[in-house]
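Below you'll find the structure, written out as C-alpha cells, and then a few comments.
The values are calculated or read from the model by the stated rules, or taken from the named source; none is laboratory data. Keep in mind the model is a prediction, meaning the values are calculated, not measured. With ideal geometry, Cβ positions are generated from the backbone for all residues, glycine too; neighbour counts draw on all protein chains shown. Surface accessibility is based on the protein's heavy atoms, side chains included, excluding ligands, DNA and RNA. Shrake-Rupley method; radii C 1.70, N 1.55, O 1.52, S 1.80 Å.
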Amino acid sequence: MTPLAAWLAQMAEESGWIFPILLLIILAALVVGAKRRRDLYREQVAQLLDRASLRRAGKPLPPLPDTLPDELRRLDDAMEQLAIDRAEKEAFERQMIRGQKMEMLGVIANCVAHDFKNLLGAITTALDLIGQEVGQKRDPSAIDWPVIESALTTLNSCANRGRDTVNQMLTFAKADLNDRRLIDLNLVLGATRQMCNYSIDKRISVDLALATRPAPVNGNAAQLEQALLNLCLNAQDAMPTGGSIRIGLGFLTDPPAESSLSGPCWQIRVSDTGLGMDPSTVSQIFKPFFTTKSHGTGLGLVIVKKIVEAHQGELTVDSEKGRGTTFTIRFPQGTGELMQDPIAIEMKRQPRQALAGEHILLVDDEEAIRKINIAMLGRLGYSVIVATCGREAIDKYRLHQQHISLVMLDLILPDLNGDDVFDQLLAINPHVKVLLMSGHTNDRRIGDMILKGCQGFLNKPYTLAELSAAFEDILDNPSSP
C-alpha cells in the first residue's frame, strides 16, 4: 500500500469516510479548474494567432478581451511591433526598387535625348528632300518618286522608333510593382535589349539569344526588365574600353543539382567579357552598399537579388579575374495561357470601312492631330464633324446626334476636360458611343470613364490599323448600346 493510500485509510478509521470524500471532491475540482484554465488559455492564444493573420492581411483587429493575461498582452504587443517592422522593411524595399528604377530612367533618358536628336535630324532631312521634290518641281513627271518613297519610309521608321521608345519608357516608369501575371520572358529580354540600345556604350555589343518557343513565367515584366538592365549596366562598367554582353534564354527540364528549384524552369544567362572579379569580391557583391565603383551606391545587385527572389527564382554568379562574369537567373516555369500581343492582332485585321451614313464627331484641340485624324477617317470612308473644345462638342452633338455614330473624344481640352464632356453627352444620350483618346495612360479618369460606359480607349499616337480596330470593336459589337 502506498503512503497516500495508507494515510487515507487511517483518516477513514478516525473520522469516517467524510474527509477522504471531501478531499477527492476538492482534487477533482482542482483538476477540472486546471483543464478549464488550459482550454481558456489555448482559446486566447488562438485569438492572438487570428489577430496576427488579420494584421498580415491589413484587416481591422477585434479588441482584446479584458480577461487576457498580461503575458499574452505583451505577446500581442510584440507581434504588433514585428508586423510594423516587417511592413516598414517591405515598404523600404519597394521604395528602394522604385528609387533605383528612377535612377536608371535618368540614365536612359539622357541617352534617349541624344537618340531623339538623331531621329529629328533624319526627319528634318527627309522632309527637306520631299519639299525639294514636290515644292520645286511643278511637273509630276519630273518628280523623283523613288526619293519621295525613300523619304517617307525614313519618316515612318523614325516615327515608329520614337513612339516605341516613349511607350517603353512610360511602361517601365509607371508599371505597378505588385502587378503579377503570366508573361513571356522572350518579350522581357527583347525589351531589355531595346533599352540597352539607349543606355549601353556603343563600343559594347549586346547579343540576344531567345528561346525557340514562348517562355512563360509568373511575374512583373517591368521589374524583370529592371533587374536585367541592372546586370547589363554593371557589365558595362566592367568593360571601360568596350567588349560584349550576351543575354541568353533557355529551358531546363531538370535544374542542376546545386539549384534550389525543383521541376522545369527557365534560365537566363547574362555574360560579359569584362574585367571579372576575384573570389573575395564575389562573396560580397550581394551585400547592401558594397561597391567597387567610385560612383556606385552598392544597391544595384541587392535589388536584382530581391526582384529575382520575389519571383521565386534564384540568382548565381560565376566570375574570374580577367575572364569576365556570368550571372545566371532561374525561374519556375509558369502555367496557363499567355496573352497575345493586342497590337499584333490589330495589325492583322482588315481595316473597317464606314457604312453608309456613319458620321464621327472628332473632338481635339490640337490642329495637327485633327488634320491627321480627318485624313485617316476619310481614308476609312467616314464623314467627320469637328469640334475644337468641350462646349463646341456638346453643342454639335446635341445638334447632330441622330447622325453621329461615334464620338472620338480627347481627354485634355482647353475648356471642359474629356470626363466633363462625357458626363454631359451621357445626359443628352445615355447610349452615346465614345472612344477616348489620350497620351496620359496613367490618368485615373480613364478608368472612371470606362466604368461609366465609355466604350474604348486609344493611346496616342495610334496607327490607322489601331483606329480601325477600335471602331470595329465599338460599332460592330452587338452588346454595345
Residues satisfying the stated conditions in the stretch 329-366, i.e. surrounded by 10 or more Cβ atoms within 10 Å (Cβ to Cβ), modelled with pLDDT under 90 and among the aliphatic types (A, V, I, L, M): L338, M339, I343, I345, M347, A354, L355
Every residue from the stretch 434-450 that is under 21 Å from D365 (Cβ atoms), open to solvent by less than 40 Å² (accessible area, probe 1.4 Å) and out of contact with any Cys (no Cβ under 9 Å at 6 or more places or on another chain): M437, S438, G439, D443, M449
Is there any pair linking a residue in the stretch 210-231 that is of a type in the set (S, T, N, Q) to one that is not in a loop (DSSP other than H, G, I, E, B), with Cβ under 6 Å and at least six apart or on different chains, and which? N218/L182; Q223/I307; Q226/K101; N230/G300; N230/V304
Which of the residues that make up the stretch 306-323 are open to solvent by 100 Å² or more (accessible area, probe 1.4 Å) and basic (K, R)? K321, R323
Of a type in the set (D, E, K, R), modelled with pLDDT of 85 or more and either in a helix (DSSP H, G or I) or open to solvent by less than 20 Å² (accessible area, probe 1.4 Å) (or both): does that describe R213? no
Just to be sure, is L416 open to solvent by less than 20 Å² (accessible area, probe 1.4 Å) and in contact (Cβ under 8 Å) with a residue 24 or more places away in the chain? no
